[in-house]
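Some notes on the structure that comes next.
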Amino acid sequence: MTSILPLPIYPDIPSGDGLRMLKHAKQSLDLQELVKPVRAVPGSPGRIIAIGETPEWIVDYAYVGEPSFESFKTALMFVLRDAKSETAKTVLEQLQDIFGDGVREVQ
């Protein structure tokens, strides 16, 4: 039985052309995971895709300014595969923006 992973999206799940682009981008990556787009809220599991605006809470996110096949593909790679992305922001980076470069991640 294959499990379906939630794919948190902020502020809302895209519809129409946006949803078609997101699905096409996911298919092009040939990932085995099945995902279900859900609305991101504080406490959503894992990383999120932020479309058009950044989340109001601190969370790892991939920012998609203008929805497109390529922007969704890049975001999905960050969210699902931990790939580096120029448009992504981690919790560590956000805390460093607030408190300075002295903030370090403890593992």
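Readers should treat all values here as calculations from the given coordinates under stated rules, not as data from a laboratory. What you are looking at is a predicted structure, and each value in this text was computed from that prediction instead of being measured. FYI the Cβ positions are ideal-geometry reconstructions off the backbone, even for glycines, and counts take in every protein chain you see.
Return the inverse of the average 1/r over all pairs of distinct C-alpha atoms in the stretch 4-99, which is the Kirkwood hydrodynamic radius, in Å to one decimal. Could you put the intermediate results ahead of the total?
Working: mean 1/r = 0.0754 Å⁻¹.
Mean inverse Cα-Cα distance, inverted, gives 13.3 Å.
When the dipole is taken about the Cα centre of the chain, and only Lys, Arg (+1) and Asp, Glu (-1) are charged at their Cβ, what size is it in debye, to the nearest 20?
Numbers: 11 positive and 15 negative charges, 89 e Å.
Magnitude of the dipole: close to 420 debye.
Given the peptides 71-78, 25-32, arrange them by the average over their residues of other C-beta atoms within 10 Å, most packed first.
Working: 71-78: 21.8, 25-32: 12.6.
Answer by packing, highest mean first, reads 71-78, 25-32.
Would you compute, from DSSP H runs of 4+ residues alone, the mean residue ellipticity of the chain at 222 nm, taking -39500 (n - 2.57) per run and dividing by the full residue count, rounded to the nearest 500?
Numbers: 3 runs with 35 residues, N = 107.
It lands at -10000 deg cm²/dmol.
Which part of the stretch 58-77 falls in the paramagnetic zone of Thr90, meaning amide N under 18 Å from the point 7 Å along Cα-to-beta-carbon?
Under 18 Å, as judged by backbone N against the label point of Thr90, lie 58-63, 75-77 of the stretch 58-77.
List Leu34, Leu22, Leu5 from most exposed to least, where exposure is judged by having the fewest other Cβ atoms within 10 Å.
Working: Leu34 11, Leu22 26, Leu5 15.
Fewest to most other Cβ atoms nearby, the residues stand as Leu34, Leu5, Leu22.
Among all the lysines, which ones have a C-alpha under 17 Å from Lys23's C-alpha, if same-chain residues fewer than 8 places away are not counted?
Candidates past the 8-residue exclusion: Lys36, Lys73.
Starting from the 7 Å offset along Cα-to-Cβ, what nm value, one decimal, do you get for the label separation of Glu56 and Val103?
2.0
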